[in-house]
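Take a look at the structure set out below.
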Amino acid sequence: MLDITDTAAEAIKGIVSSRGAENGGVRIIARAESLPERALEVSVAVIPAEDDEVVEEAGAQVFLEPRAAVFLEDKVLDAEVDKLGQVTFGVREQD
């Protein structure tokens, strides 16, 4: 199952809150036309889609569409926040 770092959880909560979707999360999808590691898209979602896998960590929710869930099942979601508050998410292998 996808692991979420504390930094990523805080970033997710901040993004979701700033979009007025306090009970929502971020949704990650894998586009069909590309390899998942090159085509993951992140968006804010109020609720998960019917077939999404929901991962929750430290109050942050991530909704994974099925192909993204398979690709990310043994990964860690991390984030970096720059001085301007811009968030960049990254994915790495679990230890």
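The values are calculated or read from the model by the stated rules, or taken from the named source; none is laboratory data. What you see is a predicted model; the values in this text were computed from it and never measured. All Cβ positions, glycine included, derive from the backbone under ideal geometry; neighbour counts span all protein chains shown.
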Out of the residues in region 46-74 meeting the condition of being charged (D, E, K, R) and more than 19 Å from residue 95 (Cα to Cα), tell me which one is surrounded by the fewest Cβ atoms within 10 Å (Cβ to Cβ). 50
Tally up the residues in region 80-95 that are more than 10 Å from residue 8 (Cα to Cα) and part of a strand (DSSP E or B), please. 3
Just to verify a result, which residue in region 1-35, among those that are among the basic types (Lys, Arg) and surrounded by fewer than 21 Cβ atoms within 10 Å (Cβ to Cβ), is modelled with the lowest pLDDT? 31
What is the number of the single condition among (1) touching a Pro at 6+ places or on another chain (Cβ under 8 Å); (2) surrounded by 14 or more Cβ atoms within 10 Å (Cβ to Cβ); (3) assigned to a strand (DSSP E or B) that residue 77 does not meet? (1)
If I go through region 37-69 residue by residue, how many of them are free of Cβ contacts under 8 Å to residues at least 12 places away in the same chain and aliphatic (A, V, I, L, M)? 1
